[in-house]
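Worksheet: the structure to be examined is printed underneath.
The values are calculated or read from the model by the stated rules, or taken from the named source; none is laboratory data. Model, not experiment: these values are computed from the prediction. All Cβ positions, even for glycine, are placed from backbone atoms using ideal geometry, and neighbour counts span all protein chains on display. The accessibility values were calculated without ligands, DNA or RNA, using every heavy atom of the protein model including side chains. Shrake-Rupley method; radii C 1.70, N 1.55, O 1.52, S 1.80 Å.
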Amino acid sequence: MLKSFVHSLLKSAWQDFDHNRSSEVIEIEVSRADRPEFGDFTSNIALTSAAIKGMSPRELAQQIINRLPHEGIKRLEIAGPGFINFFLSDEVFQRALRGIILAGERFSQSSHGNGERVQIEFVSSNPTGPLTIGHGRQAVLGDVLASLYSAIGYQVSREYYFNDEGEQVNMLTRSLWARYRQVWGEEEPLPEQGYHGEYLVKIAQNLKERLHKPLPHFDTAAAQLFKEEALSQMIACIKDDLDLLGVQFDNWFSEATLHKSGEVKRALEMLDEKGGIYEADGAIWLAAEKYGGTKDMVLIRSDGRPTYLMVDIAYHINKWNRKFNYVINIQGADHHAQQLNMKAAMRILGYPEDFLTYGLHQFVTVKEQDGVKKMSTRAGRFIELRTMIEDLGKDVVRYFMVARKPESHLELDYALAKQQTMDNPVYYIQYSYTRCASIFRNAGKFIPQRWEEVDLSLITQPVELDIICLLDRFPEVVKEAALTFAPHLVAEYALTLAGKFHRYYTDFRILTADQTLTQGRLALLWGVQSVLRQTLQLLGISAPEEM
RNA sequence: GCGCCCGUAGCUCAGCUGGAUAGAGCAGCGGUUUCCUAAACCGCAGGCCAGAGGUUCGAAUCCUCUCGGGCGUACCA
């Protein structure tokens, strides 16, 4: 990579200058210049170490420059208060492009993760209704994060944890039963806290056709039957919704299995052995506050039933036992306190601090004529994810969901997104890919046997070198996006690259009369298209050959 | 009250491990097509980076406080 190339030059110059190591070790920093007149790369080393060396920054910069090797460098400058600006030679860029072409689809990948196992748990919505736009954001964030982690060399598993036990499920079951009675024409009110959505009516109707019996009594057998039916139908519905979004899970984990296997009980015993629990007011409590939690939390209610946190702790022990090196949970901002308490439990159990991390995201609000509306399932103010995908298409939805940084609120102008789809950045990015494809279709005799062997000596335009510089940055972007839970960086990057390419395409002809020039430019486009394809792949957005 | 997140162009948002003149898209105005797809390109206009202090050679970025918005603070999940 270009950056590490410059870094190595600077390092050798610094070591030469500081050969007696009289001063403390300083970190050598190289960054990409953000203005063309500042060169390709810039370093503030003279600014940060001037005080240590007792020299003025500009004088120090000159000393370093005197010791810099000349190979690969077009020009060096001292600028402003003492920045060292590097202007690289064309050959260095051409070499970088060759490397990008050679790497092909592997260019975004690195071995940072060393094949360590990462589990990413996301969505994990209760199977009590269809997914909403809010779940959609989490689904896309989790899915893209998973792709990013696997790109940087981790072995990734996507997991969905579903609640198939407890009060919510009972409520769902009774709601379905009420709907079932209703489709038989009986006056059966829905439970007050029940699920009022239309979707249960459909399930009830299907059930009627299968059973052919009115089932007047909600007995144990009926409860079991309706529970199984409700759960399996709801999970199928959720899977369908996720499928439309292009999100697929490696594992669906049932909460009920944790109870059946005795893992919940065992988890409590483990916490007890570590001295992390105590009894009070007839309940069993987790001493969370002492370990960084927000406050002590009830694990076992006074009636003997475990709380959600208790079961969740058992679930995380289960994850640990499955030998994941790291687990990441993607959750909405409303779970913040829960996360701190879960972390406290992990500390009590003695798990490494970095075993569990949370990726937090803010909610989606929808803007309509009468102002901003917050999604609320209970108040019936929500838009189903499925509706949105049908309206806007998978690619647009995925882009919208991932284009903002997770910790920002995502305000969606639904009407605008719906009617102005052609002004959408997604199409802008996709079109840049399509343009490349189109040129290759027209290139005919210019298509070389091997792209990596093309003569690049005529690729010297500033725009061209600038594009190579941007391509070169891609692996860094992928890595940063993964490690800092910032998938939006990839979306941002794709947009920038598409913009640079569109401008280049407008200003320069690719297919010319000159064989060498044409092949060189085609090679550049080959690199551009390859990186565009990789960004789209990471985002889960399609890369169309024609539009 | 306490904890976390956010406050940058008219709108939606990047930039925040401090760096040299704060960016993009949309909306507005004005241009570009005998030529590889105009789903594109160019130009104009638009900002006391919520506010006040502090640290620093240097702050949108770090620290403190204030104001404004969201979320949490259950023997709910």
Dipole-positive endmost among A:Ser124, A:Ser157, A:Ser111 within segment A:54-205 (Cβ charges, Cα centre): A:Ser111
Report Rg (one decimal) and Dmax (nearest whole number) for chain A, counting Cα atoms only, units Å. 29.1, 93
Hey, with R₀ at 35 Å, roughly what FRET efficiency would A:Gln62 and A:Met1 work out to, going by the Cβ-Cβ distance, to 0.05? 0.80
Using DSSP, restrict attention to beta bridges with both residues in chain A and report what percent are antiparallel, rounded to the nearest 5. 50 percent
If you take the Cα Rg of segment A:145-196 and divide it by 2.2 N^0.38 Å, with N the number of residues, what do you get? 1.99
Please list, in order along segment A:98-114, the HN-Hα scalar couplings obtained from phi with the Karplus expression 6.51 cos²θ - 1.76 cosθ + 1.60 (θ = phi - 60°), rounded to whole Hz, x for Gly and Pro. 4, x, 5, 5, 5, 5, x, 5, 7, 4, 6, 8, 9, 9, 3, x, 6
Working note, segment A:262-360: Cα radius of gyration (Å, one decimal) and Dmax (Å, whole number) are 12.7, 38
At 7 Å along Cα-to-Cβ for each site, give me the label-to-label distance between A:Arg301 and A:Asp281 in nm. 1.4 nm
Length-normalised contact order of chain A, Cα under 8 Å, at least 6 apart, in percent, tallies to 16 percent
Roughly how big is chain A's charge dipole about its Cα centre, with Cβ charges of +1 (Lys, Arg) and -1 (Asp, Glu), in debye to the nearest 20? 620 debye
The ³J(HN,Hα) series, computed from each phi in segment A:40-51 with the Karplus coefficients 6.51, -1.76 and 1.60 at θ = phi - 60°, rounded to the nearest Hz and given as x for glycine or proline, is 8, 9, 9, 9, 9, 4, 5, 6, 6, 10, 4, 4
How large is ³J(HN,Hα) for each residue in segment A:59-71, as worked out from phi by the Karplus curve 6.51 cos²θ - 1.76 cosθ + 1.60 (θ = phi - 60°), to whole Hz, x for Gly and Pro? 5, 5, 4, 5, 4, 5, 4, 4, 9, 6, x, 8, 4
For segment A:217-283, the spread of Cα positions along each principal axis, largest first, Å: 47, 41, 22
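Take every DSSP beta bridge with both residues inside segment A:269-415 and express the antiparallel ones as a percent of the total, to the nearest 5.
On the way: 13 of 23 bridges.
Around 55 percent antiparallel, to the nearest 5.
Under the 0.36 nm per residue contour assumption, what length would be gained going from the current alpha-carbon distance of A:Lys418 and A:Asp16 to full extension?
138.6 nm
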Cα gyration tensor category, rounded, prolate or oblate, for segment A:167-234 with a/c compared to 1.5: rounded
For segment A:424-539, report the convex hull volume of the alpha-carbon atoms normalised per residue, in Å³, without decimals. 102 Å³
Counting only the heavy atoms of the protein chains, how much of A:Asp243 is accessible to a 1.4 Å probe, in Å² to the nearest 10? 90 Å²
Tell me which residues come under 5 Å, amide H to amide H, from A:Val327 once H is placed; ignore anything under 5 positions away on its chain. A:Gln119, A:Leu356, A:Thr357
Ignoring any ligand, DNA or RNA, what whole percent of the accessible area of segment A:13-110 comes from carbon and sulfur when the probe is 1.4 angstrom? 50 percent
